[in-house]
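The values are calculated or read from the model by the stated rules, or taken from the named source; none is laboratory data. Bear in mind that the values here come from a model prediction, so they are computed numbers and not experimental data. Cβ: placed from backbone, ideal geometry, glycine included. Neighbour counts: every protein chain shown. Quick note on the areas: whole protein, heavy atoms, side chains included, nothing else; ligands and nucleic acids left out. Shrake-Rupley method; radii C 1.70, N 1.55, O 1.52, S 1.80 Å.
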Amino acid sequence: MKRRSLLLGAAAGLAVPAVIAPAAPALGASRPPAPAWGTAPVPRSTRPTLPRRNLAARLTTLPPQTKQVLIVSSASYTTNYATLEAYVKIRGRWQPASASLPARIGSQGFSDNHVEGVPTTPTGVYSIGPTMYGIAANPGMRYPYHRLVSGDWWNENPSSSRYNTFQHSSTHPGGASEALWTEVPAYTHFAVITYNMAPNVPTPIPNAGSGIFLHQFSTSAGNATAGCVSLSHDNLVDVLNWLDPTASPRIVLSPYAQLGRY
């Protein structure tokens, strides 16, 4: 699906708080050279507060090996304004690792039954794909990183055997497949959310939806997407650099009121 053409709500703008240092040490903080979360100083007068409620404490279905979780939530199914909060598990308890960060989701909000071509963000619990991508150089991610080049596509053709996968090809894979290297600034850096792909499903289900990413706002003010989750550039880089594959991170997508089912 084409995410970059959806600029609904861009004029409304977003006040984006800076990321702050975690209340507890980030897992793998001793591993060089990945930077710690929120290393940039934040003026005291503008320092955001940590979440007052621990959203991660509501979650009951995360794998026992998961030590990092991102929670993207909104006030209802129909709004495309959301927040992203990061949590780290320390001695068996979830503790906040970030402020509540402004995020945008699909222009038609969340859906429990997302399908190809409809601009909703699929609810559920997902992994982070094994490779992160970007048009720009790796800013310090712990995950394997592929810098995009001409011919790098995300196959969004439901009739293709490579539906909902990364593909390098000299020809267009068909359907609404995206030329990843051309999506500036959205794909400066991004992580894959494993909706309709392994390990959530054995193989992608045709027409169930494809190309759900965690990426950068397409406009400086922030804008709704066609199904992805987007953040400001600085917040996105902090999040992607903090994620550690050895912590088996998960991302939860849901309105606040439905978090308890996950």
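A few remarks follow.
- Count of the range 126-145 residues which are among the aliphatic types (A, V, I, L, M) and more than 12 Å from the chain's Cα centre (by Cα): 4
- Residues of the range 77-96 that are in a strand (DSSP E or B) and either crowded, with 21+ Cβ neighbours inside 10 Å or touching a Gly at 6+ places or on another chain (Cβ under 7 Å) (or both): 82, 84, 85, 86, 87, 88, 94, 96.
- Entirely in the range 178-235, the strands (runs of 3 or more DSSP E) that have 1 or more residues that are open to solvent by 10 Å² or more (accessible area, probe 1.4 Å): 213-216
- For residue 219, the conditions (1) within 28 Å of residue 76 (Cα to Cα); (2) at pLDDT 95 or above are fulfilled apart from (2).
- In the range 207-216 there is at least one residue matching the filter, namely being in contact (Cβ under 8 Å) with a residue 40 or more places away in the chain and farther than 26 Å from residue 259 by Cβ.
- Residue in the range 144-156 that is farthest from residue 246 (Cα to Cα), counting only those that are surrounded by 16 or more Cβ atoms within 10 Å (Cβ to Cβ) and among the charged types (D, E, K, R): 156
- Filter result for residue 159 (touching a residue at least 24 places away in the same chain (Cβ under 8 Å) and surrounded by fewer than 17 Cβ atoms within 10 Å (Cβ to Cβ)): yes
- Single unsatisfied condition, residue 141 versus (1) touching a residue at least 40 places away in the same chain (Cβ under 8 Å); (2) open to solvent by 30 Å² or more (accessible area, probe 1.4 Å): (2)
- Residue 48 vs. criteria in a loop (DSSP other than H, G, I, E, B), modelled with pLDDT of 95 or more and surrounded by fewer than 23 Cβ atoms within 10 Å (Cβ to Cβ): no
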